[in-house]
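Enquirer: This is the structure I want to talk about, given as structure tokens.
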Amino acid sequence: MRVLGVETSCDETAAAVVAEDGAVISDVVRSQVALHAAYGGVVPEIASRDHARAIVPVVREALGRAGLTIADIDGIAVTSRPGLAGALLVGLQAAKGIAWAANKPLVGVDHLVGHLLAVFLRRPTDAALPKASYPFIGLLVSGGHTALYRVEGPALAQIRELGATRDDAAGEAFDKVARRLGLGYPGGPAVDRLAALGDAGRARGIVPAPMAHKGSLEFSFSGIKTAIARHVAGRGGAPSAEEVRDLCAAFQATVVDVLVKKTLRAAQAEGLGRVVVAGGVAANRGLRAGMGAACARRGMELLIPPFASCTDNAAMIAYAGALRLGAGERDGMDLAPATSTALLRVTRKGGGRR
Ligand code: KG4
Ligand code: ZN
């Protein structure tokens, strides 16, 4: 089975062709980052308008690179949730139009499920990577979401949230801190690079450890972000390059520490020895190193997909959709976008003690 995937939930217009075993036949991602950079974050209306311009050429390119026409495709998978409503709508309408015109089955995919299953994708360059299998603890860390899951299989009912962030996502915290430090958007990669050059110890007092809910598997990142913003605002004048490096190092070390600790706690609580890290923040070198060392110490298996599979892409949507199609599932032309995930959530958003 070959499935065309379409992804427009946020600021990437993406299309891909993937087989049901995860083999990536083509994968096209067109980023809108340059359009949003001036605003320091994604502007929903700009995002949907640009998706509308890009979607047809991006789908054409994905089919072209695969050397296929729409007639060769066995089904269409499209991100239907969660995401920006207007942005999702563009991909959904495109996917419905293609499915209707070519008389192909259509399935909607939850973007978070796509991220969690991306570890099963096989690109031509991935031949040497270890193969993933169920069950596993999935740590999803992206710009929009941060949560831990027990993943028994690809179906919604087989994925259970163990804990999520109560406020900012990890990537969002990276981006906001970067903005405060004048590092541009998106800031994650810049913070990562500078953190490697800084001394976390020198700035440790400024960055509080986000362990308020110590025993739980929930996260909170807004306190660290605010502490750094307050420090920068209160010191008068822009921080020196050295201070910026130290703040990046302390911030990253603190975030990595809590992500690693809670992932290990989840694995222990669930009695699982396999961890998968997914989402854009999985590119972070500190997180890769920290999680790698911690899992190795405990004899646990750690799988982190290559960067192209971590950040937003349509290959993960095509793969998740192929599994739904293979299970005989279909969605109709009434498939509608939703801003929230279909996965059951156990963490309530919002601050305060619980
Ligand atoms: O998964 P993704 O591409 O999009 C969402 O679904 O949100 O993740 C994007 C996020 C951004 O917040 C970006 O700053 C962050 O991933 N990111 C990183 C790194 N590379 C990307 N954060 C920390 N370190 C990195 N190296
Ligand atoms: Zn994403």
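The values are calculated or read from the model by the stated rules, or taken from the named source; none is laboratory data. None of the values given here were measured: they were computed from a predicted structure. Note: ideal-geometry Cβ built from the backbone for every residue, glycine included; neighbour counts use all protein chains shown. What goes into the accessible areas is simple: the full protein's heavy atoms, side chains included, and nothing from ligands, DNA or RNA. Shrake-Rupley method; radii C 1.70, N 1.55, O 1.52, S 1.80 Å.
Enquirer: Criterion first (open to solvent by 40 Å² or more (accessible area, probe 1.4 Å) and under 14 Å from the mean Cα position of the chain (by Cα)) does R81 satisfy it? Before the answer, list the steps.
Expert: Values: open to solvent by 40 Å² or more (accessible area, probe 1.4 Å): yes; under 14 Å from the mean Cα position of the chain (by Cα): yes.
Yes, satisfied.
Yes or no, residue by residue, for (1) under 19 Å from R123 (Cα atoms); (2) in contact (Cβ under 8 Å) with a residue 60 or more places away in the chain:
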site: E20; (1), (2): yes, yes
site: V29; (1), (2): yes, yes
site: R60; (1), (2): no, no
site: G67; (1), (2): yes, no
site: I76; (1), (2): no, yes
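Enquirer: Looking only at residues in the range 297-317 that are part of a strand (DSSP E or B) and closer than 17 Å to L140 by Cβ, which one is most open to solvent (accessible area, probe 1.4 Å)?
Expert: Step one: filter the range 297-317 for residues part of a strand (DSSP E or B), giving 301-303.
When the remaining residues are screened for being closer than 17 Å to L140 by Cβ, the result is 302-303.
On the way: L302: 48, L303: 9 Å².
Once the filter is applied, the top-ranked residue is L302.
Enquirer: Mind listing whichever residues of the range 264-283 are farther than 18 Å from Q252 by Cβ and not charged (D, E, K, R)? Working first, answer last.
Expert: Our first condition is that a residue be farther than 18 Å from Q252 by Cβ; within the range 264-283, this holds for 264-276, 278.
If the condition is that a residue be farther than 18 Å from Q252 by Cβ and not charged (D, E, K, R), then L264, A266, A267, Q268, A269, G271, L272, G273, V275, V276, A278 are the ones that fit.
Enquirer: Just wondering, is there one or more residues in the range 287-296 that are assigned to a loop (DSSP other than H, G, I, E, B) and open to solvent by less than 20 Å² (accessible area, probe 1.4 Å)?
Expert: No, there is no match, as no residue in the range 287-296 is assigned to a loop (DSSP other than H, G, I, E, B) and open to solvent by less than 20 Å² (accessible area, probe 1.4 Å).
Condition check ((1) within 14 Å of ligand 2 (Cβ to nearest atom); (2) modelled with pLDDT of 95 or more; (3) open to solvent by less than 10 Å² (accessible area, probe 1.4 Å); (4) touching a Gly at 6+ places or on another chain (Cβ under 8 Å)) across all residues:
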position: P105; (1), (2), (3), (4): no, yes, no, yes
position: P130; (1), (2), (3), (4): no, no, no, no
position: I137; (1), (2), (3), (4): no, yes, yes, no
position: L162; (1), (2), (3), (4): no, yes, no, no
position: G171; (1), (2), (3), (4): yes, yes, yes, yes
position: L194; (1), (2), (3), (4): no, yes, no, no
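Enquirer: Something else: Which pairs have Cβ atoms under 8 Å, sit 6 or more apart or on different chains, and link a residue in the range 119-144 that is within 16 Å of ligand 1 (Cβ to nearest atom) to one that is among the acidic types (D, E) and open to solvent by 10 Å² or more (accessible area, probe 1.4 Å)?
Expert: If the second residue must be among the acidic types (D, E) and open to solvent by 10 Å² or more (accessible area, probe 1.4 Å), the pairs left are S142/D312; G143/E172; G143/D175; G144/E172.
Enquirer: Continuing with this model, one more query. What residue, of V56, V90, is out of contact with any Ser or Thr (no Cβ under 7 Å at 6 or more places or on another chain), outside any loop (DSSP other than H, G, I, E, B), closer than 28 Å to M1 by Cα and of a type in the set (A, V, I, L, M)?
Expert: Of the residues listed, the single one that is out of contact with any Ser or Thr (no Cβ under 7 Å at 6 or more places or on another chain), outside any loop (DSSP other than H, G, I, E, B), closer than 28 Å to M1 by Cα and of a type in the set (A, V, I, L, M) is V56.
Enquirer: Report yes if some residue within the range 168-176 is of a type outside the set (S, T, N, Q), over 19 Å from C10 (Cα atoms) and either within 14 Å of ligand 1 (Cβ to nearest atom) or in contact with a helix residue (DSSP H, G or I) (Cβ under 9 Å, 6 or more places away or on another chain) (or both); otherwise report no. Even if it seems obvious, please write down each step before you answer.
Expert: Step one: filter the range 168-176 for residues of a type outside the set (S, T, N, Q), giving 168-176.
Remaining after also requiring over 19 Å from C10 (Cα atoms): none.
Looking through the range 168-176, none of the residues is of a type outside the set (S, T, N, Q), over 19 Å from C10 (Cα atoms) and either within 14 Å of ligand 1 (Cβ to nearest atom) or in contact with a helix residue (DSSP H, G or I) (Cβ under 9 Å, 6 or more places away or on another chain) (or both).
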